[in-house]
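Here's the structure we're looking at; comments come further down.
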Amino acid sequence: MQDMHVFSGNSNLPLARAICKHLGRELGKATVDVFPDGESHVQIGENVRGSDVFVIQSTSAPANHHLIELLIMVDALKRASAQSITAVIPFFGYARQDRKDQPRVPITAKLVADLLETAGVQRVLTTDLHAGQIQGFFGVPVDNLTSTPVFYQYFQKKTDNKNLIILSPDVGGIKMARDFSRRFPGSFLGVIDKNRHDANSIESMRIIGGDVNGKDAIIIDDQVSTAGTLVEAASLIKTMGAKSIRGAVTHAILSGNAVERLTHSPIDELVVTDTIDTAPEKVKAARLKVLSMAPLFARAIDCIVNHTSISELFRIPENGMND
């Protein structure tokens, strides 16, 4: 790993430093700031010629600024003769714009993929893409990690498998919920079916596949934005007699009045990861428990450098635990 360098933009420096700590290396030297007129400015501060380079940058809010930072860093590294450039994008913004669901709208996730490749990205490492098909938007390898092992390690000592129900907040998230439930032999699996008025309002909800009465419920999802769906689902589960309600959500976007909603919700505990650098005041107000993805990202980077299997990181032994 002597010819490997890790750099970071400004979107999530705490996670980048934690990943480097687990890798046993220093974060690469780079100037990433803005000119007085607001244009992003990047200068790589060390020699990367012939090296494998990893650039850590979530495209979280402000999404456009952080995306441009990433693109400029990649261009600078390409022009500095890096041998390979992997974009480590813990949170992939624009992932919800993955198809034409209305007339005359863009497929922005595909556009972002094209921009990254044009800039010089040769591999992408990310977590819990909102839509798995986004991997197919790229012409380069994409490793889409899952946060379920991280959540499992936290919840395994807090639950009785035979009294546990894992719930997906929609049909699209059932794969993630099923993967999580497989780690808890004897648990139940259900999906919350919602009928929407539009993208931001829900007309009705019902639970398919499981009875929550008297059970410990965990709602698992890839992201919480305005928290409307999560809070309404928790309220429904509460009225149906759930013993406890917890949330396990990878990306804590927390836009709009999400924090206020979560503060007054019936959710006993909301567990998120550090793929987005959430402000401490939001963490406290929303009563979040933040788990680190740094060890998992570090192991995945090590697999890439040493040409070993990343899928082995997620193999589920018979007892549900990861090796």
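Is it the case that G256 is surrounded by 13 or more Cβ atoms within 10 Å (Cβ to Cβ), under 28 Å from R182 (Cβ atoms), out of contact with any strand residue (DSSP E or B) (no Cβ under 9 Å at 6 or more places or on another chain) and at pLDDT below 95?
Working: surrounded by 13 or more Cβ atoms within 10 Å (Cβ to Cβ): yes; under 28 Å from R182 (Cβ atoms): no; out of contact with any strand residue (DSSP E or B) (no Cβ under 9 Å at 6 or more places or on another chain): yes; at pLDDT below 95: yes.
Answer is no for this residue.
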Within the range 104-153, residues being among the charged types (D, E, K, R), closer than 21 Å to S168 by Cα and surrounded by fewer than 18 Cβ atoms within 10 Å (Cβ to Cβ) number 0
| query | If you go through the range 104-127 one residue at a time, do you hit one that is touching a helix residue (DSSP H, G or I) at 6+ places or on another chain (Cβ under 9 Å) and within 25 Å of E232 (Cα to Cα)? | reply | no
Checked pairs for the range 285-300, first assigned to a strand (DSSP E or B), second surrounded by fewer than 19 Cβ atoms within 10 Å (Cβ to Cβ) and among the polar types (S, T, N, Q), C-beta under 9 Å and 6 or more apart or across chains, list as L291/Q153
Within the range 1-24, of all residues that are modelled with pLDDT of 95 or more and among the charged types (D, E, K, R), the one farthest from I72 (Cα to Cα) is K21
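How about the range 21-65: which of its residues are part of a loop (DSSP other than H, G, I, E, B), within 23 Å of I253 (Cα to Cα) and in contact with a Gly (Cβ under 9 Å, 6 or more places away or on another chain)? Reasoning before the result, please.
Going through the range 21-65, the residues part of a loop (DSSP other than H, G, I, E, B) turn out to be 24-29, 35-39, 45-51, 57-62.
Checking the rest, the ones that are also within 23 Å of I253 (Cα to Cα) come to 57-62.
Within the range 21-65, Q57, S58, T59, S60, A61 qualify.
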Log entry, pairs with first residue in the range 20-36 being farther than 11 Å from H5 by Cβ, second being modelled with pLDDT of 95 or more and among the basic types (K, R), beta carbons closer than 9 Å, six or more apart or on different chains, reads H22/R299
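Residue by residue, here is whether (1) polar (S, T, N, Q); (2) in contact with a Pro (Cβ under 9 Å, 6 or more places away or on another chain); (3) not in a strand (DSSP E or B) holds:
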| site | (1), (2), (3) |
| --- | --- |
| V6 | no, no, no |
| P14 | no, no, yes |
| I19 | no, yes, yes |
| L67 | no, no, yes |
| I85 | no, no, no |
| V88 | no, no, no |
| R96 | no, no, yes |
| D101 | no, no, yes |
Might you let me know whether the range 116-131 holds any residue that is farther than 21 Å from S309 by Cα, more than 16 Å from the chain's Cα centre (by Cα), of a type in the set (S, T, N, Q) and outside the structural domain of T250 (by TED's automatic domain parsing)? yes
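I need a count of the residues in the range 164-177 that are in a helix (DSSP H, G or I) and either surrounded by 15 or more Cβ atoms within 10 Å (Cβ to Cβ) or at pLDDT 95 or above (or both).
To start, the set of residues in the range 164-177 that are in a helix (DSSP H, G or I) comprises 171-177.
Filter once more, so that each one left must be either surrounded by 15 or more Cβ atoms within 10 Å (Cβ to Cβ) or at pLDDT 95 or above (or both): 173-174, 176-177.
Final tally of qualifying residues: 4.
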So for the range 129-150 (the condition being at pLDDT below 95, assigned to a loop (DSSP other than H, G, I, E, B) and aliphatic (A, V, I, L, M)), does at least one residue qualify? yes
Among residues of the range 222-267 being in a strand (DSSP E or B) and touching a Gly at 6+ places or on another chain (Cβ under 8 Å), the residue farthest from A131 (Cα to Cα) is V224
Contact list, first residue from the range 192-221 and exposed (fewer than 14 other Cβ atoms within 10 Å of the Cβ) and assigned to a strand (DSSP E or B), second anywhere and of a type outside the set (A, V, I, L, M, F, W, C) and at pLDDT 90 or above, beta-carbon distance below 7 Å, six or more apart or interchain, is I208/G190
Taking the range 178-191 and the residues there that are part of a helix (DSSP H, G or I) and either among the basic types (K, R) or touching a Phe, Trp or Tyr at 6+ places or on another chain (Cβ under 7 Å) (or both), the one that is surrounded by the most Cβ atoms within 10 Å (Cβ to Cβ) would be F180
Subject >> Residue match in the range 104-112 (condition: in contact (Cβ under 8 Å) with a residue 40 or more places away in the chain, in the same structural domain as L15 (by TED's automatic domain parsing), under 23 Å from G132 (Cα atoms) and in contact with a Gly (Cβ under 9 Å, 6 or more places away or on another chain)) >> reply: yes
> In this structure, does I276 turn out to be assigned to a loop (DSSP other than H, G, I, E, B) and farther than 27 Å from D193 by Cα?
Replying inline: yes
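The values are calculated or read from the model by the stated rules, or taken from the named source; none is laboratory data. This is a predicted model, so every value here is computed, not measured. Because the Cβ atoms are built from the backbone with ideal geometry, glycine has one as well, and the counts that use them run over all protein chains shown.
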